[in-house]
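J.: Quick one: this structure, given as structure tokens, is what I'll be asking you about.
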Amino acid sequence: MTISPCFPAISSFQLITRTETDIREFFKTITPRVHHDRLVYCIAGMLFAHTSPGPFGGTKSNPGYVNFDGKSVASLLRFIVSAAYLSYWGLKGREGLESVVHCVNRVVMLHSITTAVLEVDNKYLTDELLLNGMKRSGHIEWYGGGAKIVPWLQFHPENQSAVYFSP
């Protein structure tokens with residue numbers, strides 16, 4: 001019997017698949033009223049910019065996210081996770097992984113803040129991130145025709161709850 005502080009070795013495919021599953025489960029647990037596709041598009045809206053770290057960013061004329069050519073939200077999440085890991089394994093630094101973690105946490109935070117004042121601002125911010133993610137992933141047109149958010153991807157605020165103290 002061997003005792004090791006490290007996890008048993010798993011293949012890169014298993015690690016990527018497990019990470020995708022963990023992200024989806026995290027979304028379902030933390031924000032149960034929000035469709036997880038909305039959250040994935042919001043993450044893409046944050047990550048898919050030329051100012052983002054590699055493998056997503058780059059020059060304005062050739063950012064890393066243009067390598068994505070999938071047609072589904074599942075393929076978008078797979079691209080985000082696998083690109084971050086491949087960049088890390090290629091010894092290009094942890095910035096891609098850290099950026100994905102930061103974006104996942106930020107998107108969940110934006111959707112779970114229950115303050116009435118912030119809720120309206122968060123709705124517009126998350127709608128903007130959603131549309132940017134859809135555009136930059138190639139799932140809607142960039143120009144013309146005014147993009148509409150389908151009902152299951154619309155903003156649904158969480159139930160508000162608070163603790164009140166009385167003297």
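Only the coordinates and a few stated rules stand behind these numbers; no lab work does. Source: prediction; values computed, not measured. Glycine gets a Cβ as well: all are built from the backbone with ideal geometry, and neighbour counts include every protein chain shown.
J.: Report the Stokes-Einstein translational diffusion coefficient (µm² s⁻¹, integer) for region 12-153, Rh taken as the Kirkwood radius over Cα pairs, at 4 °C with viscosity 1.567 mPa s.
T.: 84
J.: Which of the lysines could be linked to Lys28 by a straight reach, that is with a Cα gap under 30 Å, when you skip same-chain ones fewer than 8 residues away?
T.: Result set, ordered by chain and number: Lys71, Lys123, Lys135, Lys148.
J.: Counting other C-beta atoms within 10 Å, and keeping those with at most 14, which DSSP coil trypsin sites (Lys or Arg not before Pro) do you find in region 11-87? Please list the in-between numbers first.
T.: Details: sites: Arg18, Arg24, Lys28, Arg33, Arg38, Lys60, Lys71, Arg78; in loops: Arg33, Lys60, Lys71.
Listed in order of number, the matching sites are Arg33, Lys60, Lys71.
J.: In what order do Phe13, Phe48, Phe56 fall by count of nearby beta-carbon atoms within 10 Å, going from fewest to most?
T.: Details: Phe13 9, Phe48 24, Phe56 30.
The order, fewest Cβ neighbours first, is Phe13, Phe48, Phe56.
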